[in-house]
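Notes follow the structure.
The values are calculated or read from the model by the stated rules, or taken from the named source; none is laboratory data. Note that the structure is predicted; figures quoted are calculated from it, not measured. Side chains included, ligands, DNA and RNA excluded: accessible areas come from the protein's heavy atoms. Shrake-Rupley method; radii C 1.70, N 1.55, O 1.52, S 1.80 Å.
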Amino acid sequence: MRLTIIGSMVFMVHDVSDVPVDLSKLANFMKWKTSTTVCFVLMVIVWLVTRLGILPFYILRGIVQNAHIVYTEGVIDERFARMYTGMFVGLLVAIITLHLVWFLMLIKIGYYKVIKGEFHDLTEYKKGEKTTAPIKKDQ
């Protein structure tokens, strides 16, 4: 079952959508507000198309629909083909679920941008966590 082809396709989907993610982080770090907004919108669009479009509706669907070809043509023993298919489908469903959770986080970040006018990195600080340690004065 050409597992390397599947792996390469998953790799390419992730690699393509990582470019706008890195550009958005860089623009945010450099405090370029307009560039940050443009890169963020581009990132959300590319994320939606590649990780929530191509990955589940082309790659995963192709694996599920065409897996029977592998063991009917005798390329791999049927036991192993079914095991690998189940493993691949399970792992891809898990990563698609993570992509959906992360996409919802991106939407939340975009919501903060629209409402408050600033980007807020949800990964930096947790609610209630102090950003700096208190400084003790010498007694």
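With the cut-off at 10 Å, report for segment 2-42 the share of all Cα pairs above it, as a whole percent.
Cα-Cα pairs in segment 2-42 separated by more than 10 Å: 69 percent.
What length, rounded to one decimal in nm, is gained on full extension from ILE96 through to ARG61, with 0.36 nm per residue of separation minus their alpha-carbon distance?
11.4 nm
How compact and how long is segment 24-105, expressed as Rg and Dmax of its alpha-carbon atoms in Å?
Cα radius of gyration and Dmax of segment 24-105 are 18.4, 57 Å respectively.
Counting only protein heavy atoms and using a 1.4 Å probe, what share of the accessible area of segment 1-56 belongs to carbon plus sulfur, as a whole percent?
Of all accessible area on segment 1-56, carbon and sulfur atoms account for 75 percent.
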